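Only one structure is covered here, and it is reproduced in the block below.
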Amino acid sequence: MSEVIAIIPAAGCGSRMKAAVPKQYIKFGRSTMLELTAGKLARVLGAENVYIGVSPEDAYAADLDLKSMHVLRTGGATRAQTVANTLRAAIEAGAAGKDDLVLVHDAARPLVEESDICRLIKAAKEHIARGTASGCVLAIAVADTVKRTDAQGFVSEDIDRTRLYRIATPQCFRAGELVRALAQHPDVTDESSAIRLSGGKTAVVECAPTNIKVTQPADADFVRQQFLKESRMQLRVGYGYDSHRLEAGRKFILGGVEIEHSLGLSGHSDADALLHAVTDALLGAANCGNIGILFPDNDPAFKGADSKVLLKKAWETVAQKGWQIANIDCVVIAQKPKLNPHVPAMAQTIAGILGIEPEAVSIKPKTNEKLGFEGKEEGISTRAVVLLTKMP
Ligand code: MG
């Protein structure tokens, strides 16, 4: 038994949409509206707690990707009947006790925000615990001037919009109370009407105004635009630079690879200028600070530090934010030693630390035509750019 279950009535035919399929089966990208809507509730409540009531003749639901959600052929002649039949079936299956909460949500509201669903449940629990209401509904305050017309379409009445709301879904009540109310009032257009007619109170919880009910073809276009916006991949670019002095008596470690050379790189850590530039590029792309902040060079903890460990730690910080690496491109400016033979090993090492393919790591060594500190072999410098991606 679960504390909160969801009922989605999805037995209508949505004739106003003028679509070839019932409107809950209109597709947005690869998913139907019902899959998108039910998916929102499943993410909040768990798929096994979502009950979908379809028409007994439904020919589409069986082909959908609804995970472990329950599809019941409990559709009735009206929305209220479908809700009542589906809820009774869920209760009979042991899914909910009379005091458990039920969310009833329109299949045609795929844009409901998960945060609004959570606020609704919280508010309903509080009202029920205090005895101040039987439950709650999501609603949108009316911003437009509202008027009623006569049968001929002429304005006949100004309606004060103070405290006027467009009632949306989900609506949240206790299972037992809702079943009783719907049995007594089978002709209502929403659950809160049945609750009110049975003497119960419903509190309003304001939700995002985008929680529209898809009714007209223009609504479907709006939903399509919203999902397109949400499904867009995010891209971020980061840039890193580093330089280290060349000195006798130090190891020459670059890209995590120890390279034979008469001089080595000096610094607080192992002075791997290539890994430092890559580390900074990653941190920069994700706006997570920089290598000097994460690993201060006056901190004894990082004296002689293995820069491979620092890069891995920095990458973990960035990856935690959901970023993935598309590619890394680096330049190393060093008059000596010859670095091209070591490029595959360096790319392999960097790719290994970051868990990406070596093919995604490019390293281009250059001399500096004997110009500047690199050309005079006083030091070397490095640059790296990284592209991060985040899927929605
Ligand atoms: Mg450095």
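With the structure loaded, tell me whether Glu157 is out of contact with any helix residue (DSSP H, G or I) (no Cβ under 6 Å at 6 or more places or on another chain) and under 13 Å from Gly135 (Cβ atoms) or whether it fails that test. Against the criterion (out of contact with any helix residue (DSSP H, G or I) (no Cβ under 6 Å at 6 or more places or on another chain) and under 13 Å from Gly135 (Cβ atoms)), Glu157 does not qualify.
Looking at segment 338-379, which of its residues are touching an Asp or Glu at 6+ places or on another chain (Cβ under 9 Å) and in a helix (DSSP H, G or I)? Ala347, Ala351, Gly372, Gly375 - these are the residues of segment 338-379 that are touching an Asp or Glu at 6+ places or on another chain (Cβ under 9 Å) and in a helix (DSSP H, G or I). Just one of the numbered conditions (1) more than 14 Å from the ligand (Cβ to nearest atom); (2) among the aliphatic types (A, V, I, L, M); (3) crowded, with 16+ Cβ neighbours inside 10 Å is not true of Ala301: (3). The residues on offer are Val188, Val179, Val137, and the sole one that is assigned to a loop (DSSP other than H, G, I, E, B), in contact with a helix residue (DSSP H, G or I) (Cβ under 8 Å, 6 or more places away or on another chain) and either over 23 Å from Ala90 (Cβ atoms) or aliphatic (A, V, I, L, M) (or both) is Val188. Within segment 52-71, being surrounded by 18 or more Cβ atoms within 10 Å (Cβ to Cβ) and either free of Cβ contacts under 8 Å to residues at least 12 places away in the same chain or more than 23 Å from the chain's Cα centre (by Cα) (or both) holds for Ile52, Gly53, Val54, Ser55, Asp58, Ala61, His70, Val71.
So Lys338 fits all but one of (1) within 30 Å of Ser231 (Cβ to Cβ); (2) more than 38 Å from the chain's Cα centre (by Cα); (3) of a type in the set (Lys, Arg); what number is the exception? The number of the failed condition is (1). Evaluation of Pro9 against the conditions (1) buried (at least 24 other Cβ atoms within 10 Å of the Cβ); (2) touching a Gly at 6+ places or on another chain (Cβ under 6 Å); (3) over 27 Å from Gln225 (Cβ atoms) shows that the sole unmet condition is (3).
Each residue in segment 252-269 was checked for being of a type outside the set (A, V, I, L, M, F, W, C), over 19 Å from Lys376 (Cα atoms), at pLDDT 95 or above and within 16 Å of the ligand (Cβ to nearest atom), and 2 pass.
The residue that is nearest to Tyr239 (Cα to Cα), among those in segment 250-264 that are more than 42 Å from the chain's Cα centre (by Cα) and in a loop (DSSP other than H, G, I, E, B), is Phe252.
The values are calculated or read from the model by the stated rules, or taken from the named source; none is laboratory data. Just so it is clear, the model here is predicted, and its values are computed rather than measured. Neighbour counts are summed over all protein chains in view; Cβ atoms, including those assigned to glycine, are modelled from backbone coordinates with ideal geometry.
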